[in-house]
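Scroll down for the structure; my scribbles are underneath it.
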Amino acid sequence: MNDTPDLIDGLKRSGRILAGFVETIPAEKMNLLRGEGFWSIAEHVSHLAQVQPMLFDRLERFMSEDRPEFVPYIPGDGETESRLPAMEMNAALESFAHQRDRQIALLEKAETADWHKTGIHPQYELYTMHILVRHILMHDHWHMYRMEELWLARDAYLTRLE
């Protein structure tokens, strides 16, 4: 099965889904911290915006290098953020949409061989551009699910990520 067009279509839709979803969340809930180790909803949106340039770089490298090697991106580890200040919401959503448009334009130029190139990533047994694109889509939706949970779930039902 070739799900590449579906993955690209999903990536195209994520920005609109995110923006429409954020619009429904009351402003007073955006920066609420629900407990130790939990990000706020605004921090999740900011993270989605801030990680897009790194993901674009990875896509570019799959398309330009034979066997790219990647360093894990782990929020709160080393030089990455432990708790970045949340971006202004409209700026975060605009940044996400702009970066996603760049990713889509790049992916639409990808050759079939690019999708099957194998890269090296210490976190994963197998890492291809296809896996990365699927990962980007799932990452978008995982954060949106987490935001919805932080908004709507009662404390006893929040997923603990320890």
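Observations on the model:
- Diffusion constant of the chain at 20 °C, which comes from Stokes-Einstein with the Kirkwood Cα-pair radius and 1.002 mPa s, µm²/s: 127 µm²/s
- Remark: ILE25, ILE74 ranked as ILE74, ILE25, counting other beta-carbon atoms within 10 Å and listing the fewest first.
- Order of GLU69, GLU94 under a 10 Å beta carbon neighbour criterion, fewest first: GLU69, GLU94
- Charge sum, other residues only, whose C-beta stays under 14 Å from ALA97's C-beta, Lys/Arg counted +1 and Asp/Glu -1: +1
- Order of THR118, THR112 under a 10 Å beta carbon neighbour criterion, fewest first: THR112, THR118
- When you restrict to C-alpha pairs under 8 Å that are six or more residues apart and normalise by the size of the chain, the relative contact order lands at 33 percent.
- Residues of type lysines that LYS109 reaches as a straight line, Cα spacing below 22 Å, ignoring anything fewer than 8 places off in the same chain: LYS12, LYS117
- Between region 118-159 and region 1-58, the alpha-carbon center distance in angstrom: 10 Å
- Only helices enter the 222 nm calculation for the chain: every DSSP H run of n ≥ 4 contributes -39,500 (n - 2.57), and dividing by all residues gives -19500 deg cm²/dmol, rounded to 500.
Here, each number is a calculation from the coordinates, and none is a lab measurement. In this text the structure is predicted, and so the values were computed from the model without any measurement. A quick note on method: Cβ atoms are made from the backbone with ideal geometry, for glycine too, and the neighbour counts reach across all protein chains shown.
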